[in-house]
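First comes the structure, then the notes that go with it.
The values are calculated or read from the model by the stated rules, or taken from the named source; none is laboratory data. Being a predicted model, the structure only gives us computed values, none of them experimental. Here the Cβ positions follow ideal geometry from the backbone for every residue, glycine too, while neighbour counts run over all protein chains shown.
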Amino acid sequence: MSKYLLNKFLFTVDRDRELTERYREDPRGTVAWWEEHEANRILGARDGERSTWLAFDDVEREALSTHDYVALFDLGAHPFLSVTLFIALFERDFDEPLGMQREYARRLSHVTLPHPDIST
């Protein structure tokens, strides 16, 4: 398991509008594409430098592929990265203001302090 890779996925997908929409419409395909093409790209590297060993495990891949932000939280995904991406993905599906944020809070209401470790 790599909390770093989970957070890198959330961070990079949230910052690219087209990729965010792609992830909304085809989460499984987007996760597979991202893992193959982006997972090992070094953030900030300008010369195409890449690592070779980063990959999601089956549990992470499934949580990302099903938009399961509760499972992602339990896996240690950073809550700020998670909530901002899921707001971008699903806020439009709610009629009331802050609908996605309220749903996110409701689904995570079982979590008590201390929260899972979010360090990478």
**Item:** Residues satisfying the stated conditions in region 80-111, i.e. surrounded by fewer than 17 Cβ atoms within 10 Å (Cβ to Cβ), more than 12 Å from the chain's Cα centre (by Cα) and either aliphatic (A, V, I, L, M) or under 13 Å from PHE11 (Cα atoms) (or both)
**Value:** LEU98, ALA105, LEU108, VAL111
**Prompt:** Do we have ALA77 as modelled with pLDDT under 95 and touching a Leu at 6+ places or on another chain (Cβ under 6 Å) here?
**Reply:** yes
**Request:** Kindly establish whether THR20 is among the polar types (S, T, N, Q), assigned to a helix (DSSP H, G or I) and either loosely packed, with under 15 Cβ neighbours inside 10 Å or without any contact (Cβ under 8 Å) to a residue 40 or more places away in the chain (or both).
**Result:** no
**Request:** Working only within region 54-79, note down all residues that are of a type in the set (S, T, N, Q) and either surrounded by fewer than 15 Cβ atoms within 10 Å (Cβ to Cβ) or in contact with a strand residue (DSSP E or B) (Cβ under 8 Å, 6 or more places away or on another chain) (or both).
**Result:** THR66
